[in-house]
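Everything below concerns the one structure shown next.
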Amino acid sequence: MVSGLEVKSEKQRFVSPEYIIPFILVTSLFFLWGFAHGCLDVLNKHFQELLNMSKAKSALVQFVFYGGYFIMAIPAGLLMQRFGYKRGIIFGLSLFCAGAFLMLPATVIQTFGSFLLCLFIIACGLTCLETAANPYTTVLGPAVHAERRINFSQSFNGLGWIAGPLIGGMLIFGDNGDENRFSSIALPYLLIGTIVFIVALLFWRASLPEIKEETHSAGASDKSNDLSWRNLFRHPHFVLAVTAQFFYVAAQTGINSFFINYVTEEMPAITNQEASKILAFGGMGLFWLGRLTGSTIFMRLARPNRILALYAFINVITMCLVVAGLGWISVTALFTTYFFMSIMFPTIFALGIKDLGPLTKKGSSILVMSIVGGALIPVLMGRIADVSKMAMGFIVPLICFAFILYFGIDGYKVRGSKLNGR
């Protein structure tokens with residue numbers, strides 16, 4: 001018989017001892033896809049100047065990338081369901097590696113479409129990684145710490161977001177003396193592709209336990225455990241989480257995509273490379289700090305949904321300042337936004353898959369599919385900026401944060417599936 005003291009000790013453990021190595025390996029994936037996402041924001045501005053295209057057209061970088069998430073999400077979920085987390089992760093790393101190395105021949109072809117194809121392949125790989133890694137972290141220890149674990153792992157994603165625009169900005173915007181103006185684009189991707197290949201080998205050699213989600217959630221009927229996709233949408237909190245995740249990724253991607261544009265328009269003395277450093281250290285640095293403090297400090301003091309609601313409320317205010325176009329005040333508000341965006345994706349994710357039981361893997365793939373918000377909103381923001389000014393485009397993320405505020409206050413609550421009639 002297990003004593004009350006032993007049960008309490010088990011609940012206090014952040015990660016179960018037998019899962020420490022798998023947790024470290026899976027956490028490394030968060031850095032890798034953070035780097036890939038961070039490079040996108042540098043590419044957006046670079047293509048505007050290299051190919052003399054509008055902001056709306058350059059946003060096709062995000063459209064294709066996040067569109068890949070939408071297309072690949074359900075196949076990734078089925079892949080995890082059929083072959084498990086480990087094989088799904090290795091498959092995702094293989095696609096990531098292939099897309100990164102294909103950037104080199106794309107610099108020879110020198111068409112916008114060739115680069116978009118590479119980004120699409122990378123995105124398909126990242127979809128598999130996110131579909132596996134996000135829910136995997138939530139089950140590698142006591143359920144009470146699920147939100148903290150995913151936020152801790154996502155803090156390494158924040159480090160990737162710092163490295164992406166920093167290294168990408170240095171390599172892509174730097175003058176390498178090559179006659180081929182496109183050649184610098186391949187450099188950061190060859191670097192990350194090599195690292196991804198090594199990580200794939202580590203996963204192939206590692207012993208990664210296949211964790212089974214609970215067959216029954218508390219109080220759920222047998223019917224609610226039907227594994228059909230439609231039963232996911234009979235869980236109101238899950239439906240609202242998908243919507244909130246759509247708006248979060250839309251807001252984050254829109255802000256990232258036009259951060260350099262906004263800073264250089266508000267402060268003309270700042271160059272593109274300087275703006276990319278502000279994004280890396282100012283914005284992404286705060287993003288990483290927010291995730292780290294969120295998982296290690298704040299979520300030990302308050303419920304995750306309350307922190308989510310508070311951060312969303314603050315970001316509504318910062319977006320109002322950004323839209324106002326007040327020079328340094330607005331620029332400061334813009335990169336301050338990153339601290340308060342930090343915990344949103346993992347917290348919404350963890351709250352969304354709560355009590356889904358055997359539907360968790362499929363629910364995870366749908367939540368990853370909601371990343372398509374990042375494909376649509378930058379195009380809308382770019383269109384607004386082309387006909388008005390860049391500051392007005394940030395009205396869109398303002399609206400997105402307002403919905404997340406509602407989700408953190410009330411929408412997150414597990415009310416039981418509609419199938420149960422509870």
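Where a number appears in this text, it was derived from the coordinates with a stated rule and is not lab data. Fair warning: this is a prediction, and the values are worked out from it, not measured in the lab. Positions of Cβ are generated from backbone atoms using ideal geometry, with glycine treated the same way; all protein chains shown enter the neighbour counts.
Modelled this way, with points 7 Å down the Cα-to-C-beta line, the labels at Leu117 and Thr296 are 4.5 nm from one another.
Treating each Cα of the range 302-345 as one equal point scatterer and applying the Debye formula with no solvent, the log10 of I(q)/I(0) at q = 0.14, 0.25, 0.29, 0.33 Å⁻¹ comes out as -0.32, -0.78, -0.94, -1.09.
If you look at the Cα atoms of the range 115-200, you get an Rg and a Dmax of 16.6, 56 Å. Translational diffusion coefficient of the range 329-384 (Stokes-Einstein, Kirkwood radius from Cα pairs, 20 °C, 1.002 mPa s): 158 µm²/s. Of Phe335, Phe152, Ser276, which is farthest towards the positive pole of the chain's charge dipole, taken about the Cα centre with +1 and -1 on the beta-carbons of Lys, Arg and Asp, Glu respectively? Value computed over the given set: Phe152.
Comparing mean-square fluctuations of Leu104, Leu51, Leu367 from a GNM of the chain with C-alpha springs under 10 Å, the top value falls on Leu51. Here the scattering of the chain is modelled by Debye summation over its C-alpha atoms, one equal scatterer each and no solvent; at q = 0.07, 0.11 Å⁻¹ the log10 of I(q)/I(0) is -0.31, -0.78. By the helix-only formula, in which each DSSP H run with n ≥ 4 contributes -39500 (n - 2.57) and the sum is divided by residues, the chain has a 222 nm mean residue ellipticity of -23500 deg cm²/dmol.
Based on alpha carbons, the Rg and Dmax found for the range 266-422 are 17.6, 61 Å. Seen from every direction in turn and averaged, the convex hull around the alpha carbons of the range 16-147 projects onto 8.8 nm². Karplus-derived 3J(HN,Hα) values for the range 346-361, using 6.51 cos²θ - 1.76 cosθ + 1.60 with θ = phi - 60°, are x, 5, 4, 4, 5, 5, x, 8, 4, 6, 7, x, x, 8, 4, 5 Hz; glycine and proline are entered as x.
Extension gain for Val387-Arg82 works out to 105.0 nm (0.36 nm per residue, less the C-alpha to C-alpha distance).
Remark: Thr27, Thr264, Thr111 ranked as Thr111, Thr264, Thr27, counting other beta-carbon atoms within 10 Å and listing the fewest first.
Each of Ile377, Ile24 has some number of other Cβ atoms within 10 Å of its Cβ, and from fewest to most they run Ile24, Ile377. If you look at the Cα atoms of the range 97-162, you get an Rg and a Dmax of 16.4, 52 Å.
Normalised by 2.2 N^0.38 Å, where N is the number of residues, the C-alpha radius of gyration of the range 286-366 stands at 1.30. Loop-located GluC sites (Glu not before Pro) in the range 91-197 (DSSP state not H, G, I, E or B) with no more than 12 neighbouring Cβ atoms inside 10 Å: Glu179. Full extension of the chain between Ile399 and Leu310 gives 30.5 nm of extra length, using 0.36 nm per residue less the Cα-Cα distance.
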